[in-house]
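What follows is calculated from the coordinates using simple rules that are stated; it is not laboratory data. Just so we're clear, the structure is a prediction, and the values are computed from it rather than from any experiment. Every residue, glycine as well, gets a Cβ built from its backbone with ideal geometry; the counts of neighbours run over all protein chains shown.
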Amino acid sequence: MRVKKQLLAFVVLVIIAVAFLHAGYTPASADTPQLSSDNIIRFHVIANSDSPEDQALKLKVRDRILNELYNRFGSANDINEQRKAIMDNMSYIETIANDEIKKSGKDYTAKAYFGYYDFPTKVYGEMVFPSGTYEALRVVIGQGEGANWWCVMFPPLCFIDTDHGVAQEATEISPESQPVLHLSPDCANII
């Protein structure tokens with residue numbers, strides 16, 4: 001009986017927390033640019049498998065790519081500039097990923113792709129990205145059968161700090177449970 005009361009109290013607290021989070025939300029004004037699948041580029045890293053070791057390696061590959069490409073990708077002024085930077089660096093992205101995989105002692109490799117891919121609905125801070133087809137830089141590690149990680153590469157949200165910049169399934173509610181990768185003292189990658 002005590003466990004049921006604790007569970008009920010937890011559910012009530014979660015509902016209250018979600019209500020408070022949404023109460024502070026203010027929709028974008030008419031002059032705020034709206035993000036859609038037409039004007040964003042996602043960055044997507046897919047692990048070899050769901051083993052803890054492969055999931056940890058996925059995050060190492062992600063960190064290394066973002067850290068090494070910050071100066072090349074973090075300052076793009078428009079989506080076409082970002083597209084060109086990505087396409088010009090595809091082999092370099094693969095080299096970075098494969099070097100990190102090799103350092104971890106694995107014998108599989110990663111492959112980088114740039115194209116249009118289907119994504120489920122995701123929440124990134126206060127932004128909601130509806131399910132649909134998005135342009136994305138995708139790095140597939142090994143068999144690419146594990147859980148994935150993503151962020152928004154353009155506009156360069158992968159490279160800046162936001163209040164609640166954790167990419168999560170639309171049904172998740174705890175952005176605090178995810179780590180933040182600090183790229184420099186004044187800039188952070190939010191996962």
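The ranking of MET127, MET153 by Cβ neighbour count inside 10 Å, starting from the fewest, reads MET127, MET153. Counted by neighbouring Cβ atoms within 10 Å, the residues CYS151, CYS158 run from fewest to most as CYS151, CYS158. Phi angles of region 63-72 translate, via the Karplus equation with coefficients 6.51, -1.76, 1.60 and θ = phi - 60°, into HN-Hα couplings of 4, 5, 4, 5, 5, 6, 9, 3, 5, 7 Hz per residue; Gly and Pro are given as x. Rounded to the nearest whole Hz, the Karplus-based 3J(HN,Hα) values (6.51 cos²θ - 1.76 cosθ + 1.60, θ = phi - 60°) of region 52-61 follow the sequence x, 5, 5, 5, 5, 5, 4, 5, 5, 4, with x at glycine and proline.
I need ARG138, ARG62 ordered by Cβ neighbour count within 10 Å, fewest first.
In order of increasing Cβ crowding within 10 Å: ARG138, ARG62.
Local charge for ASP50 was computed over the other residues whose Cβ lies under 12 Å away, with Lys and Arg +1 and Asp and Glu -1, and equals -2.
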